[in-house]
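Structure first, commentary second.
Please treat every number below as a calculation from the coordinates, not as lab data. On a predicted model such as this, the values are computed, not experimentally measured, just so you know. Every residue, glycine among them, receives a Cβ derived from its backbone with ideal geometry; neighbour counts consider all protein chains shown.
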Amino acid sequence: MHEMSVALALVDHVAEAARADGRERALAVHVQIGELAGVVADALDFAFELAREGTPLEGARLVVETVPARARCRDCAAEFAVGAPPDLACRCCGGTNVELSHGRELRITAVEWADGPAYAASADRKG
Ligand SMILES: [Zn+2]
């Protein structure tokens, strides 16, 4: 199950941050997941519940923000929603010289700790 490896990576990453920061417990982990990242939110929730046991994330909530897939046309610079199932033809000129601008996100945006203010995982942001 793909979601289990994603959950384990999330837990690892936050547990590492907890060690580095001297935090004992996380209350919530906020993640952004793109529509096309291939992650099923319910399955990830379930995997996260298993993965967090015995870590500083035990009892922590997983807050998922789904990012809609969007693409940008290299020919006419139009931006459009890709939709599901994904359709990568430009809505403006019909061309296929497009790049995905959103929709593959899989990142931690913030962690709420039991003993302090939210820590923004800015190093994880890209694009
Ligand atoms: Zn176009």
For residue 93, what charge total do you get from the other residues with a beta carbon under 15 Å from its beta carbon, if Lys and Arg give +1 and Asp and Glu give -1?
-1
So who's got an amide H within less than 5 Å of the one on residue 34, skipping anything under 5 residues away but keeping other chains? H placed 1.01 Å off N, in plane.
67, 105, 106
For the chain, what does -39500 (n - 2.57) per DSSP helix run (n ≥ 4), summed and divided by total residues, give at 222 nm, in deg cm²/dmol to the nearest 500?
-8000 deg cm²/dmol
Please list the non-local residues whose amide H lies under 5 Å from the amide H of residue 110, H modeled 1.01 Å from N, same-chain partners needing a gap of 5 or more.
30, 121
Env charge @ residue 65, Cβ radius under 12 Å, K,R +1 / D,E -1, value -1
Within the chain: Cβ-based charge dipole about Cα centre, in debye rounded to nearest 20 (Lys, Arg +1; Asp, Glu -1)
460 debye
The chain: projected area of the alpha-carbon convex hull, averaged over directions, in nm²
8.3 nm²
Förster radius 30 Å - calculated FRET efficiency between residue 99 and residue 43, Cβ distance, rounded to 0.05:
0.60
Pairing the Cα long axis of helix 41-51 with the longest principal axis of the chain, what angle in degrees results, from 0 to 90 and rounded to the nearest 10?
30 degrees
Cβ crowding within 10 Å averaged over residues, with 30-36, 58-64, 20-26 ranked highest first:
30-36, 58-64, 20-26
Under 13 Å, Cβ to Cβ, from residue 18 - net charge with Lys/Arg +1 and Asp/Glu -1
-3
